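Below: one structure, written as structure tokens.
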Amino acid sequence: IGWILSAIGFLWACNIFSGLYAIQALVTDPGFLPAGEVAAWVGTWVVYPAFGLLAYLFLLFPDGRPLSPRWQPLLWINSVLIVAVSAVWALTPGPIAGLEGIRNPLGIEGYGVILEFAGQLFFYAVDVLVLVSVVSVYLRLRRASGEERQQIEWLVYAAALLGIVVLVSVVGDLFFG
């Protein structure tokens, strides 16, 4: 669990750093810092693995094992989705969010619409998987007792809040998006 939390924090830090670096290198003071486009490109996809790792956190908390063998396939599906959504957004052509004048240097121009559709589809699939993993935490809480129950209760509060935020985000994006 500690490794998962460390990886989430590291990936979020990479996302923030790459975004700020790209703004400094490409907008604020162009040419002062090298590899601004590379930093902008990293910022386009590095956040998705961080979000996908939340599903691992919820599925494996607190003892590092899924609730039962039936939950094991979700770990594999999550792995595939993390790689797929990251790769798709890394290769989607067009302007980089927040840096409208800068285009994705590794974007595949002929497949923009397909990649964008696939990226949205994979992203929503990761959202659903994170919500399902929150259910896993709830079920684990109902079966737990003693110290394990206390550990899980703290995570359930955070998982419930995250679940509400993700649900509102997905529904808002679908209807108002």
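Taking the criterion of being hydroxyl-bearing (S, T, Y) and open to solvent by less than 30 Å² (accessible area, probe 1.4 Å), the only residue of region 11-43 that qualifies is S18.
In the list A158, A118, which residue meets the criterion of being out of contact with any helix residue (DSSP H, G or I) (no Cβ under 8 Å at 6 or more places or on another chain), more than 27 Å from A35 (Cβ to Cβ) and of a type outside the set (D, E, K, R)?
A158
Only one of L53, L141, L74 is assigned to a helix (DSSP H, G or I), at pLDDT 90 or above and farther than 20 Å from W12 by Cβ; which? From the options L53, L141, L74, the qualifying one is L74.
Within region 85-100, restricting attention to residues that are without any contact (Cβ under 8 Å) to a residue 40 or more places away in the chain and over 16 Å from the mean Cα position of the chain (by Cα), the residue that is surrounded by the fewest Cβ atoms within 10 Å (Cβ to Cβ) is E100.
Note on region 122-155: residues that are aliphatic (A, V, I, L, M) and open to solvent by less than 30 Å² (accessible area, probe 1.4 Å) amount to 9.
The values are calculated or read from the model by the stated rules, or taken from the named source; none is laboratory data. Just so we're clear, the structure is a prediction, and the values are computed from it rather than from any experiment. Heads up, the Cβs are rebuilt from the backbone with ideal geometry, glycines too, and the neighbour counts pull from every protein chain shown. Heads up: the accessible areas ignore ligands, DNA and RNA and are worked out on the full protein's heavy atoms, side chains in. Shrake-Rupley method; radii C 1.70, N 1.55, O 1.52, S 1.80 Å.
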